[in-house]
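Heads up: the structure comes next, in structure tokens.
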Amino acid sequence: MTPGNNGASTPEDDDPFGYLYADGQANGAQPPSGGGYGYPNSVSRVRAVGERRNGQPPQQQTAQYGQPPTVPQQGAYGQPNAHYAAPENFGGGPSTGRQPVQNGGGRGRGPNTKGLLIGAVAVVAAVVIGIVVAMAGGDDDANDNKASGQPSSSAAASGSPSPSASASGDESKDELPQTDAKALNLGGSAALASDVKGAQAAGGTYVGNLNQVGNSVTWTVNGIPSDGAYTLFAHYSTPGEDQAMTLTVNGKTFGSKFPLKNYAHAPAGDFVKGWTTSYTWPTLTKGTNTLSISCQDGDKCNVLLDQLWVKAGQVTK
């Protein structure tokens, strides 16, 4: 090499834009030709506007250096452009168009809120009606229970209960008939007495000497309001052990024995501590009834008796 000549590969030549400078033009830098970028025969190529890579020829010519590029004319409004085609127009290209709108392109219908509202109202109405019916039925049941006025009982009308009568003998009595020793009809050798304290009859009078077969007390009961089950109470004293006597209703023996037990738990011979109450459930008729308590064969009759009374229904006190 000689001074002033550094060969073909000078920095100016390496600069693809060297032709723009005075020193580059002096050294022979030339602009690129053929539309390529950089030197001639360069690998890089500039693609024209509108050129496709799917093998179709470019739609416009490449502008020469120094010449303004040819701008394709725009088609009239609404007319297709000759230099442009949508991708879907090329064979094998993917479809980018939207699917057609169903139902004539109208807006989709929302949920049927009116139907839901009607259903909800129907459910609420059904619940309210059910509550009203239940309350009405409950009132009817309550009225039926009040109208009966009698407790349920599994005991047979002809049987005798096993009561747990109180030792005080001061139970309240209904307005139904009641009597004491002085008003009773005595049979056999039964007799009135007042020696033992604790009797509730007027003057402390009671019926004694019942502990013999054939002795009895009879009460004619007036004013029974209707046929049905009633409770016959007796206030008496018995110490030591339980007693049981025969009950006759209107001339017929009623069921089992009248239970006259030692509910006071008094010791034998102590009649003062033996006062208590017992009951049984006879069936009476409307009007007048005759009740008799007697000592029969097989009975235990060691009792003192001072009062009798009845109550409607099968009760315990």
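Look at the range 207-246 and say how many of its residues are on the phi > 0 side of the Ramachandran plot and in a strand (DSSP E or B).
Counting residues in the range 207-246 that are on the phi > 0 side of the Ramachandran plot and in a strand (DSSP E or B) gives 2.
Against the definition (assigned to a strand (DSSP E or B) and touching a residue at least 40 places away in the same chain (Cβ under 8 Å)), how does Asn289 come out, yes or no?
yes
Scan the range 264-284 and tell me whether some residue there is open to solvent by less than 60 Å² (accessible area, probe 1.4 Å), farther than 21 Å from Ala201 by Cβ and assigned to a strand (DSSP E or B).
So far as the range 264-284 goes, yes, one or more of its residues are open to solvent by less than 60 Å² (accessible area, probe 1.4 Å), farther than 21 Å from Ala201 by Cβ and assigned to a strand (DSSP E or B).
Just the residues that are part of a loop (DSSP other than H, G, I, E, B) and closer than 21 Å to Val196 by Cα, please, taken from the range 247-263.
Residues satisfying the conditions are Lys261, Asn262, Tyr263.
What number of residues within the range 303-317 are in contact with a Leu (Cβ under 8 Å, 6 or more places away or on another chain) and part of a loop (DSSP other than H, G, I, E, B)?
Summing the residues that are in contact with a Leu (Cβ under 8 Å, 6 or more places away or on another chain) and part of a loop (DSSP other than H, G, I, E, B) in the range 303-317 gives 1.
Tell me, which residue of the range 285-313 that is more than 12 Å from Thr231 (Cα to Cα) and of a type in the set (D, E, K, R) is least open to solvent (accessible area, probe 1.4 Å)?
Step by step, filter the range 285-313, then rank; the result is Asp306.
The values are calculated or read from the model by the stated rules, or taken from the named source; none is laboratory data. Model, not experiment: these values are computed from the prediction. A quick note on method: Cβ atoms are made from the backbone with ideal geometry, for glycine too, and the neighbour counts reach across all protein chains shown. In case anyone asks, the SASA skips ligands and DNA or RNA and just uses the protein heavy atoms, side chains included. Shrake-Rupley method; radii C 1.70, N 1.55, O 1.52, S 1.80 Å.
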